[in-house]
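All of the numbers you see were taken from the coordinates with simple rules; none came from a lab. Treat the numbers as computed from the prediction; the structure is a model and nothing was measured. Note that each Cβ is placed from the backbone with ideal geometry, even for glycine, and that neighbours are counted across all protein chains shown.
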Amino acid sequence: MSTYVHDFLDGNRDAADLLGGKGANLAEMTRLGLPVPPGFTITTDACRVYLKTGAAPVELMREVEDHLRGVEARMDRRLGDPGHPLLLSVRSGGRFSMPGMMDTVLDIGLNDRTVEGLATISGDARFAWDSYRRLIQMFGHTVFDIPGAAFDEVFTAAGAEDLDADALRGVVAAYKEIFHRHTGREFPQAPHEQVHLAVLAVFRSWNSERARVYRRQEHIPDDLGTAVNVMAMVFGNRGPDSGTGVAFTRDPATGRRGAYGDYLPNAQGEDVVAGVRNTVPLEALKDLQPACYEQLAANMDALEEHYRDLCDIEFTIERGRLWMLQTRVGKRTPEAAFVIAAQLCDEGLIDLDEALRRVSGAQLAHLMFPAFDPAATPEPLATGVAASPGAAVGAIVFDSAAAAAATEPVILVRRETNPDDLPGMIAAVGVLTGRGGKTSHAAVVARGMGRPCVCGAEDLDIDPDAGTLTAHGTVLHTGDVISIDGTTGEIYPGRVPVRPSALMRHLGEATGESDDPVIAAVDRLLAHADRVARLGVHANADTPEDAALARRLRATGVGLCRTEHMFLGERRPLIERLILAGDDDAEREAALAALLPLQRADFAGILAAMDGLPVTIRLLDPPLHEFLPALDELSARVARAEALGTDPGRDALLLAAVRRLHEQNPMLGLRGVRLGLVVPGLYAMQVEAIARAAAACRRAGGDPRPEIMVPLVGDVRELAAVRREAEAVIARVEGAPAILLGTMIEVPRAALLAGEIAEQARFFSFGTNDLTQMGWGFSRDDVEGAFFGRYLELGVFTTSPFETIDERGIGRLIRIAVDEGRRSRPDLVVGVCGEHGGDPASVRFFHDAGLDHVSCSPYRVPIARLEAGRAVV
Ligand code: ADP
Ligand code: MG
Ligand code: MG
């Protein structure tokens with residue numbers, strides 16, 4: 001009984017943890033009776049022992065020898081026997097496919113004697129010597145790190161593809177010398193030693209640089225280790241009735257039905273990847289080798305039927321005989337993922353629940369953004385972080401005011417952005433920054449708006465004063481057109497043709513049924529998601545237009561309507577007046593009275609757009625000084641006036657206010673509910689505006705459902721005070737509907753005391769951005785450039801906690817708050833607003849935590865709907 005080695009005859013596809021994906025599927029194909037060359041798999045356990053101790057388990061090589069005897073018997077060949085030499089491949093293969101990341105050695109078992117034997121029994125000396133030179137090169141490269149180029153030079157100098165047996169003999173002699181020169185030893189002649197060394201080399205390749213980089217990017221854990229598959233070689237390079245190929249059971253690009261792939265006559269598998277010669281389409285095999293084609297097609301049907309999914313395979317034909325060398329459930333484009341899931345339903349292979357499991361919110365996101373035409377993209381100028389998906393083309397502008405004033409489409413290019421850039425970001429078709437990552441201001445805001453964004457393009461030298469952008473010697477100026485791809489992070493010079501997302505148009509305009517197979521499949525799966533989902537999906541919307549769009553995208557309410565944007569632009573003077581009023585009651589009341597009708601109109605529009613559905617309006621949240629001009633700008637203006645001997649007037653007052661309101665740490669300063677309790681009349685004005693807007697909607701025959709949300713509450717008494725005032729105000733407004741009052745839970749203390757707070761709140765909404773900032777004790781705008789890179793490297797987190805909710809820490813606060821809140825008020829409605837509401841992985845967590853709804857930007861609504869459904873099935 002073996003511990004570390006399993007014959008293909010013993011395994012199956014469920015054992016992928018132990019046998020790796022490749023090994024488990026080779027066993028599965030063997031079990032299905034498909035023609036797989038005999039072989040066995042060394043488990044990931046053995047690899048883990050090697051990685052931990054630096055040596056293979058002692059019993060491993062004995063077990064390998066035992067299993068080799070079995071392979072020899074089945075093949076009727078023997079390793080190292082010149083009369084009947086058995087050749088082997090030693091192939092890597094971990095739990096998750098890491099294409100091309102690790103090593104494989106073919107033709108093991110050849111040496112100076114068996115090569116002659118192979119020549120004799122095959123009757124083809126050219127083939128035998130060609131295999132031997134392949135072995136020395138692959139083995140030298142994989143096991144001893146000899147650069148491939150050293151061999152390639154010799155091979156090319158000798159004439160490469162057209163060599164005859166004698167010339168290849170010469171190449172082999174030269175290769176052996178290269179081997180000796182680089183390693184100080186002879187090429188190992190003992191086949192068992194070759195096997196042994198190759199197995200250890202495959203173990204080691206787990207920790208190669210490229211494998212590590214790939215794993216980090218794909219979030220594959222570093223401690224899984226790889227399995228090793230040892231199997232009898234079959235030869236596609238034995239003449240015109242031999243060959244090798246790769247095939248898919250459906251087109252992985254479009255999902256279209258029917259076999260699809262490439263075939264290379266008279267070649268070994270690695271030649272296809274190396275692109276040595278041009279392949280022919282799989283169809284051509286029908287004429288070249290009809291019987292093999294038939295058999296291959298039947299095998300592919302059997303695999304699809306069995307795996308109930310698109311499979312990709314590697315196969316080899318040796319002198320008219322077909323061999324299956326690998327299969328797995330194939331990777332596919334997002335388009336194909338939806339189409340195939342729907343097709344498999346139609347074919348009765350899977351049900352709709354399963355179909356929903358087969359697609360993801362991330363794939364849907366990809367389909368909802370415009371994309372560049374892949375046939376028409378030039379070399380990129382530089383590559384940055386893919387921060388907000390989509391493609392954008394526009395003229396370069398370096399400042400926000402210019403972007404806002406532009407009449408043509410523009411790309412806002414900044415070293416980094418801050419809240420002052422908001423108007424420019426709204427006006428621009430895309431945003432490009434030189435600094436910051438996926439959670440930088442630019443990235444977060446752009447994602448919220450559905451605006452394509454590339455950030456952290458460090459190869460760009462951005463000089464706003466000179467009006468230039470320089471990349472690798474190319475200098476671009478204000479007004480020059482560039483194209484940015486927020487899905488890949490690439491930046492192109494000039495105008496790259498864009499294909500708008502047909503799906504987005506379809507969903508956003510709520511048109512009827514579509515005969516585009518991708519759109520039809522998405523519609524069908526979204527409809528199923530809506531049917532099964534328990535978690536509702538609301539949208540964050542601050543304007544009637546956004547609210548209407550969200551509704552067409554099937555949001556069932558507004559989960560967060562921010563009011564701060566309503567105080568920007570031409571209304572700034574009014575809020576400045578409020579701030580300058582200070583203790584002057586009459587002046588303050590006058591300022592508030594001027595704001596009231598404007599606010600009422602804002603709310604009326606949104607309530608009308610969401611008629612019949614809840615609209616959660618958050619009372620003013622940011623610190624007041626955010627509405628004032630920047631300190632340096634004001635100081636300069638005042639100093640200039642004084643130098644000229646003119647009266648700085650209002651500027652002097654504003655400057656004094658800015659100084660008075662200055663905070664060391666505004667994130668933790670006078671904001672949220674604290675403002676409401678400190679600035680008399682502010683919240684009352686907003687509440688009155690909401691109540692009046694709702695009353696007006698009702699008079700017009702509507703069904704407004706406003707809810708009032710208080711930000712930044714940490715203690716129930718804060719909420720109670722606001723509530724008393726709000727209820728009194730609402731009671732005075734004639735015709736106002738019942739208006740629910742609730743709170744955000746974003747201060748950790750509120751999460752811990754949620755039971756008390758729920759006595760005063762009809763609903764909770766988790767503000768996960770602030771909860772994450774305050775829970776971790778770092779500010780989103782400051783930390784990212786400073787240390788997130790290092791933290792990701794160290795594995796402190798695998799994704800930014802601002803992108804995907806930190807389930808263990810912040811998630812725990814959420815669970816506590818849900819439990820305690822519902823315990824004191826069983827009908828408490830609990831939602832989440834903030835970036836995480838549209839993040840696929842986080843949506844699943846919110847479902848599990850028992851929330852009633854998530855709220856996200858309108859563009860993310862379909863993604864959240866899909867994930868809400870997926871969380872159930
Ligand atoms: P990768 O994971 O990079 O595809 P593989 O282990 O699948 O690496 O092998 C590399 C190439 O060698 C593939 O084309 C494969 O089909 C071919 N190959 C592997 N084992 C054998 C074998 N026993 N006989 C013939 N070709 C093989
Ligand atoms: Mg392969
Ligand atoms: Mg907040």
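Structure notes:
- Computed Rg/Rh of the chain, alpha carbon atoms with Kirkwood Rh: 1.06
- Seen against the Cα atoms of the chain and their longest principal axis, helix 16-31 is set at about 50 degrees.
- Note on the chain: dipole from Cβ charges, positive end direction compared against 70, 750, 498; the farthest Cα belongs to 750.
- Whole-number percent relative contact order across segment 370-500, with pairs defined as alpha carbons under 8 Å at least 6 apart: 37 percent
- Other residues lying with their Cβ under 10 Å from the Cβ of residue 8 contribute a combined charge of -2, Lys and Arg counting +1, Asp and Glu -1.
- Farthest toward positive dipole pole in segment 243-332 [+1 Lys/Arg, -1 Asp/Glu at C-beta], among 243, 300, 254: 254
- Table column - 3J(HN,Hα) (Hz), segment 416-425, Karplus curve with 6.51, -1.76, 1.60, x for Gly and Pro: 7, 10, 9, x, 5, 7, 3, x, x, 5
- Using θ = phi - 60° and Karplus 6.51 cos²θ - 1.76 cosθ + 1.60, couplings along segment 174-181 (whole Hz; Gly, Pro as x): 5, 4, 5, 5, 4, 4, 5, 4
- In percent, rounded to a whole number, the relative contact order of segment 5-232 is 29, using alpha-carbon pairs under 8 Å and six or more apart.
- Degrees, to the nearest 10: 585-609 long Cα axis against longest axis of the chain: 50 degrees
- Using alpha-carbon coordinates, inclination of helix 44-53 to the longest axis of the chain, degrees: 80 degrees
- Average 1/r across all pairs of distinct alpha carbons in segment 1-136, invert it, and you get the Kirkwood radius: 16.1 Å.
- Working note: 222 nm ellipticity from helices only, DSSP H runs with n ≥ 4, each -39,500 (n - 2.57), summed and divided by the residues of the chain, gives -14000 deg cm²/dmol to the nearest 500.
- Evaluated with a Cβ-only charge set (Lys, Arg +1; Asp, Glu -1), segment 370-500 carries a dipole of roughly 440 debye about its Cα centre, given to the nearest 20.
- For the pair residue 177 and residue 646 in one chain, pulling the backbone fully straight at 0.36 nm per residue adds 160.0 nm over the alpha carbon distance.
- Three-way shape call for segment 135-195 based on the alpha-carbon gyration tensor, with the a/c threshold at 1.5: prolate
- Average Cα contact separation per residue, segment 693-843, under 8 Å, 6 or more apart, as relative contact order %: 26 percent
- Overall form of segment 243-332 per C-alpha gyration tensor (a/c, 1.5; a/b vs b/c): prolate
- In a simple Cβ point-charge model (Lys, Arg +1; Asp, Glu -1; nothing else charged), the chain has a dipole of about 1480 debye relative to its Cα centre.
- C-alpha center-to-center spacing [segment 511-578, segment 310-377] in angstrom: 30 Å
- Gyration tensor (alpha-carbon) shape descriptor, segment 62-212, a/c threshold 1.5: oblate
- Antiparallel %, DSSP beta bridges [both residues in the chain], to 5: 65 percent
- Signed unit charges on C-beta, dipole axis of the chain, positive-most listed residue 615, 737, 527: 737
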